[in-house]
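Take a look at the structure below.
Bear in mind these aren't lab numbers, they're just calculated from the coordinates by the rules spelled out. These numbers were taken from a predicted model, which means no experiment stands behind them. Neighbour counts run over all protein chains shown; Cβ positions are idealised from the backbone, glycine included.
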Amino acid sequence: MPKADAVAFLRSVSVFKDLAEPHLVALALRLQPRRLTKGEVLFREGDKGEELYLIREGTVVVSKPVIGRVEQVLARMGPGEFFGEMSLFDRAPRSATIQAETDALLLCLDRESLQQLVEISPRAAAAFFFQMVQVFVSRLRESGNLVAEVTRWGLEATGLDLDSKFPG
């Protein structure tokens, strides 16, 4: 990918939008491309990892196993979106499974590249981390809403009348 293309792409990704041109160029040079074919699994929940992936082309499905071979789709993500940020920071096992819904081109940001950004430009790193916190908050709110919805479904499945008043 030509440098100008890579920089324009990075600028379109929310967590990099406030980085100055020189930092985007340096980052673009460190990103490693990874191609996936339709149906290919990048990683499964529980796998080791410490990198974030940016979706340059195509779409991926984020899912969690429910029981046996049944998976719950949590999200579909496309160009300009990213995933894997939790393992980038805490090195804990992957929290979900990622599978290519279409052929996809991903760009990988590893811990070493992020650390280099922190050392070279604390200001650029702060801008990145501020945007990352915004994403974390948004995703946490979505997770909370999903938990509430699943709980409601479970209660409805039991036949409980959710509109009745409970004695207090």
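Table for the structure above
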{"read-out": "Per-residue Cβ neighbour rank within 10 angstrom, fewest leading, R91, R69, R139", "value": "R69, R91, R139"}
{"read-out": "Two-site FRET efficiency, A148 against K64, from Cβ-Cβ distance with R₀ of 25 Å, rounded to 0.05", "value": "0.90"}
{"read-out": "Leading residue at positive end of dipole, the chain (Cβ point charges), from L24, T102, G80", "value": "L24"}
{"read-out": "Volume in Å³ per residue [convex hull over Cα atoms, computed for the chain]", "value": "150"}
{"read-out": "Residue with peak Gaussian network fluctuation, the chain [Cα springs, cutoff 10 Å], from G68, G84, G46", "value": "G68"}
{"read-out": "For region 33-91 versus region 102-148, the gap between their alpha-carbon centres in whole angstrom", "value": "14"}
{"read-out": "Virtual spin-label span in nm between R123 and K48, 7 Å along Cα→Cβ", "value": "3.8"}
{"read-out": "Residue among V7, G39, P65 farthest towards the positive dipole end of the chain, charges placed on Cβ", "value": "V7"}
{"read-out": "Extended-chain gain in nm, criterion 0.36 nm per residue less alpha-carbon gap, A157 and F130", "value": "5.6 nm"}
{"read-out": "Cβ-placed point charges (K, R +1; D, E -1), dipole of the chain about Cα centre in debye, nearest 20", "value": "180"}
{"read-out": "GNM flexibility winner over the chain from L42, L52, L106 (Cα, springs under 10 Å)", "value": "L42"}
{"read-out": "Of G49, G154, G144, the one that fluctuates the most in a GNM where the chain has Cα springs shorter than 10 Å", "value": "G154"}
{"read-out": "Span-like helix ranges in the chain, DSSP H, alpha carbon extent 15 angstrom or more, Kyte mean at least -1.0", "value": "122-157"}
{"read-out": "Ranked list, fewest to most other Cβ atoms within 10 Å of each Cβ, for V66, V41", "value": "V66, V41"}
{"read-out": "Size of charge dipole - region 69-168 - debye, nearest 20, with Cβ of Lys, Arg +1 and Asp, Glu -1, no other charges", "value": "220"}
{"read-out": "Gain on full stretching of the segment that runs from E57 to S138 - 0.36 nm per residue minus C-alpha separation", "value": "26.8 nm"}
{"read-out": "Extension reserve of the C108-E21 stretch, reckoned as 0.36 nm per residue once the Cα distance is removed", "value": "29.4 nm"}
